[in-house]
Amino acid sequence: MADFLLELRCEEIPARMQAGARAELEKLFRREMGKWNAQVGDVTVWSTPRRLVLIARDLPDTSNPVIEETKGPKVSAPEQALTGFLSKVKVTREELLERDGVWFAVKNVPGFRMLEVLHNVVFSIVWDFAWPKSMRWGEQSRMMNSLRWVRPLSGIVAMLGKETVPADFDGLESGNTTYGHRFHASGPVTIDGADDYIAKLRNAFVIVNHEERQDIIREGAAKVAAEAGLTLIADEGLVIENAGLTENPVPLLGRFDEAFLDVPPEVIQLTARVNQKYFVCEDAKGKLANAFVCTANIAPLDPAVVIDGNRKVLAARLSDARFFWEQDQKTPLAVHDEKLSRITFHEKLGTVADKALRVAKLARWLCEEGIVADTPLPLAGGAGGGPASARPDAPTPDPSRKREGSLADLAEQAARLCKADLVTEMVGEFPELQGLMGGYYAAKEGLPQEVAEAIRDHYKPVGQGDDVPTAPVTVAVSLADKLDTLVSFFAVDEKPTGSKDPFALRRQTLAIIALVLKNGLRFRLGTAIGRHDFLVTLDAPTSGTAALDALFDFFADRLKVQQREAGVRHDLIDAVFALGGEDDLVRLLARVHALQAFVTTEDGTNLLAGYKRAANILKKEGYQGPTGAPDPMVLASLKDGNDTIPDTGEEDPLAMVDDPDVGEILAAEARDNSALSYTPEEAEKALIDALDAAAPRAAAAVEAERFADAMAALATLRAPIDRFFEEVTVNDPQADKRAARLALLARFRDAVHRVADFSRIEG
């Protein structure tokens, strides 16, 4: 057993590529070892700006033996064919095995020496390595089949134990010699094997373990900030990037001119981060301080010299940012907004100016309809028979603030200007600041505070964990912007496909759901979508309907994803969606939550079983209602083009439950149950009485959005339906009894369906 060390040294590997390179190195190593049937144990992969390192522990002396099996001629084949086969595979007749009338040559091939295996493995790794970008170099670069690497490959250390693994790439040979830090170490470093590699590189001022370098930067930057009485603004991405830029990181704190603090703090932080890879700090009051932390790649004799050089470079960058800040303020946002007509939003959807206009119309409508208001509407789902309760976390208006216009006017104004900063100098330099800079410019211009805040935050929430706006004007603009984006792309058939989502419509949908739920917004999604310009102006009405249907399916899928993390079952969302017409998301989820609480109880589980049994019987019998019209389940099956009704027990038995004729049929059935031509059995009468009491209670509770009460009403049917199936014969020989009992089961099914489509519930 021995350890294998591989170091691939080159010029600077971009920090952004190092994580992928580590994964690629391990993947290729394991793949190639697998090809040689060689056992692999623990594998460690590290990276620095100048090297990729892999250490595999406890490799065996040889690869595992393999059994090679070669199919030969049939036993009945001529002797000449068999002789030729034996000569080809180099075995004797006695070594052949006969199987199903065919000769097979089976050879036990011993394992290869690990040194030989690793020679081939290293060769394949270097030649097959996939970089996002790569280059050729040297004399060999004139040939198209020459070696490619991210930067010129300058050295290879390949050792098994203390023995060098031979490898040669266009004259570059592997060995046991490497080099340390570019400035602190001089001369080659001889490696004896994997065990002393880390220590010898550390003595040469190289910390090979990238995670250790990250810890040094993270802790060292916080320490130098604390020593200056400041708090480092955490930035894990910047920690990883600096670790990818240095082999011997040394955090240093410097200061910049306080005059630059007139620039918005986000601009200063982004300038320092993006352009210079610097951290920034806060003072004791939580405000941005005129301090930065840079990460040097050397331990300087005089840190002040290094700090001063970095300060000068940062000052130049901040001067540019201040220039953009001052220049942009000279032009009102309304003038910037006029330039949006020159920017194409999408070739099928017009310009950004067109989009802003659509958003403004929709934002105004949301406010005028009372969907977005200062006082949030009650949240569906109150329990216990009392009124529905308001959201405890819903925003409350600030009585100390006086609004400068109506909610609708402010929302429209903010929506018209929300994209104006896209043409400013600052956003042109830092696209990450779109929205944020518009909010700053609006405030500087003296626009109403609500408008400035809405422009600033209308992109939120951008992703999971991001803040969800609660200010009414911001909510209106944010919701309108996301609805417009979603509906527009669906209207022109640019919806996501598979794993491709170039316009981030999945993220937009999750953001819409978050806005609606956080603010308790009560509206029908179909109504809001139906007002969209593209849906009402499509050439073919069927196209608009198809787009709407596709959009609802997409919304349902995203809602399942969003609620799965909250522990909500996807089949229960399907069960409520399947009823049709339930597109008030707040009401829908309140209904789903009550349903989930119910189906996990014993009553819920047994009622579900009873429902499926009833639905299965009705489907199997192809039940005809007393009016002579076909049963809704039959109509649904015929609508789908089915000639027969399969007895699966799982299909949707009320696919046409919203049809007005169905309601008449069920009402007639209920009337007929009250005037039976025979004396019902006790269990039958108990179910009739239970339905008489529970069905109206459940329907009224659903109408009042007291879904827990609706479930409680359904729970009273559990015992009667169980008893009915135990004691009553549904398919009675007497036609009148059979028809009445089928009608009773249809009535039971309908009562359950007023709460949810139980056929969609699993279990």
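The values are calculated or read from the model by the stated rules, or taken from the named source; none is laboratory data. In this text, all values refer to a predicted model and were calculated from it rather than measured experimentally. All Cβ positions, even for glycine, are placed from backbone atoms using ideal geometry, and neighbour counts span all protein chains on display.
Some points to look at:
- Residue check, residue 80 without any contact (Cβ under 8 Å) to a residue 60 or more places away in the chain and part of a helix (DSSP H, G or I): yes
Here's the yes/no breakdown for (1) among the basic types (Lys, Arg); (2) surrounded by fewer than 17 Cβ atoms within 10 Å (Cβ to Cβ); (3) at negative phi:
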site: 319; (1), (2), (3): no, yes, yes
site: 329; (1), (2), (3): no, yes, yes
site: 337; (1), (2), (3): no, no, yes
site: 355; (1), (2), (3): yes, no, yes
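- Count - residues of segment 549-576 that are closer than 26 Å to residue 493 by Cα and in contact (Cβ under 8 Å) with a residue 24 or more places away in the chain: 10
- Residues of segment 149-162 include none that is under 21 Å from residue 7 (Cα atoms), free of Cβ contacts under 8 Å to residues at least 24 places away in the same chain and either buried (at least 20 other Cβ atoms within 10 Å of the Cβ) or in contact with a strand residue (DSSP E or B) (Cβ under 7 Å, 6 or more places away or on another chain) (or both).
- Members of segment 114-144 that are under 17 Å from residue 40 (Cα atoms) and more than 38 Å from the chain's Cα centre (by Cα): 114, 115, 116, 117, 118, 119, 120
- Residues satisfying the stated conditions in segment 220-243, i.e. assigned to a helix (DSSP H, G or I), surrounded by 15 or more Cβ atoms within 10 Å (Cβ to Cβ) and not acidic (Asp, Glu): 220, 221, 222, 224, 225, 238, 239, 240, 242, 243
- Identity of the residue in segment 429-453, without any contact (Cβ under 8 Å) to a residue 60 or more places away in the chain and assigned to a helix (DSSP H, G or I), that ends up farthest from residue 320 (Cα to Cα): 450
Residue-by-condition table, conditions (1) more than 14 Å from residue 244 (Cβ to Cβ); (2) among the hydrophobic types (A, V, I, L, M, F, W, C); (3) part of a loop (DSSP other than H, G, I, E, B); (4) at pLDDT 95 or above:
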residue	(1), (2), (3), (4)
5	yes, yes, no, yes
8	yes, yes, no, yes
17	no, yes, no, yes
25	yes, yes, no, yes
29	yes, yes, no, yes
38	yes, yes, yes, no
46	no, yes, no, yes
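- In segment 181-219, the residues that are within 42 Å of the chain's Cα centre (by Cα), more than 26 Å from residue 59 (Cα to Cα), among the aliphatic types (A, V, I, L, M) and not in a helix (DSSP H, G or I): 206
- Candidates 699, 739, 713, 693: the one that is under 21 Å from residue 600 (Cα atoms) and outside any loop (DSSP other than H, G, I, E, B) is 713.
- In segment 565-587, the residues that are surrounded by fewer than 20 Cβ atoms within 10 Å (Cβ to Cβ) and modelled with pLDDT of 85 or more: 567, 568, 569, 570, 571, 574
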